[in-house]
Amino acid sequence: MYLLNYLYFIIITSFGIKFLFQRTGKVRHPLNKEQMLSFDGPELFWTLTFSTGLLAFSAPGVLDLMAIRLLVLESLCLIGLFVVKRKPLWSAVSTFYLLYIAWLLIGLSYSPAPMYGFRVILKYLYPLCIMLFASAVVRDGEVFLKAGLCARWVAVVCLIFSFVPGISILVPGVFWYGTARAIHFIPICIFSLALYFYGGKNKRDLCWAVLFAIPCFVWAFRTSIMGTTLAVMTFFFFRYRLKSLPVIMGICLLFIVSIFTIPSLKQKMFKDDNVSIEQLREGKISKDNINSNARFAMWEHLMTRFYEQKELLGSGSGCTQNYMYTHFIFGGLKVPHNDYVQILCDNGIIGLILYLLAGIITIFHSFLIYNRNHRSIVKIVAITAGSTMAGMLLTLYSDNVVNYSMATLSMPFGFYGMMLGLNEAK
């Protein structure tokens, strides 16, 4: 069954190349199925690429099919920048992100494992390619809506295969891992919420928003729960500003209550089942009570080995992955489950500052565009980009979000790129 993923990869790549270089194509209007629209080639390619980030097409064997797919998509996006008649729109976000990529390249010069460093750079490069390509291609609200709604449709199919018993064996390796899926659902949830508030108060969009917030609780994935919570809180701050504080406090309260009342989540969160909200209120819960699955010890081990006494520069791009792949540590883990720790170990404080600046400025710039532009379509994409980025930045703390960049980081940066394009459109 896994061999079929090679076929799926060839088919979707062939369609991507065909779309990128064709002149025009007909698609159904995202909101009116009886109306047809004419998209040019890059718009068709963007719709396909953005909406299929959840497809991993992993397959066992000598070839790393996911890495090949990532490299192919990056190459097509870069080629597409020369196909599109409009130039990509630059902002402080893309500038800092490009500086970060440059710093990673410099990190190769003193890395003990430049090949691993090159693989890491490819994973970080994809969101930048997506952002620049989207900013050049998307000028019409219909293109944004088509791409977003198609992404939601793919996520719905993924949900069906994730929850209907027995049918997941029909598509092994087609979708990303469970943790990547849960993080991918964060932007889909926020996008649906934005459509509800700014797209006519369709209750179906609100139902989708709630539906995509549920899996992380069902699966008891703490990282995506935290990311979803922060993304929703940021969404309401965008919309209501200081008036949203009571709502934000209510969301925080629901988050805390869920930790202590959902048995599977409580068992995964704490070492002792007897931990209670009363202990939290009295300040008796500490870091020692949290079940980190040895994460804290692993982070400390990596920081001691690669970060200490090399705080500014780190030990070189790819050193962390090289160490974890070539040494059997912490039960054979291959990833640190904390992208910030990996950035500090590989590229030091300078690397972390550059990366955080790109992410944080995305949130603030989205907030400014949201408040300055009165068009509902721009408000939808701006509030989605900013809120999603806030939640995504939090997930980097305790998961390998960069490893799943096709399914995770491509979403907020993709929405941000579309926001730049739509804001530029007259």
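Scanning region 216-236 for residues that are part of a helix (DSSP H, G or I) and in contact with a Pro (Cβ under 9 Å, 6 or more places away or on another chain) yields 224, 231.
The residues on offer are 45, 19, 39, and the sole one that is surrounded by 14 or more Cβ atoms within 10 Å (Cβ to Cβ), under 30 Å from residue 198 (Cα atoms) and touching a strand residue (DSSP E or B) at 6+ places or on another chain (Cβ under 8 Å) is 39. Of the candidates 168, 192, the single residue that is without any contact (Cβ under 8 Å) to a residue 12 or more places away in the chain and either among the polar types (S, T, N, Q) or within 19 Å of residue 405 (Cα to Cα) (or both) is 168.
Only residues that are touching a helix residue (DSSP H, G or I) at 6+ places or on another chain (Cβ under 6 Å) and more than 15 Å from residue 226 (Cβ to Cβ): list them for region 236-259, please. Matches in region 236-259: 236, 237, 238, 244, 247. Scanning region 5-29 for residues that are without any contact (Cβ under 8 Å) to a residue 24 or more places away in the chain and either in a helix (DSSP H, G or I) or closer than 23 Å to residue 173 by Cβ (or both) turns up 7, 10, 11, 14, 18.
Taken together, the values in this text are just the output of simple stated rules run on the coordinates, not laboratory data. Just so we're clear, the structure is a prediction, and the values are computed from it rather than from any experiment. Please note: Cβ atoms are built from the backbone with ideal geometry, for glycine as well, and neighbour counts cover all protein chains shown.
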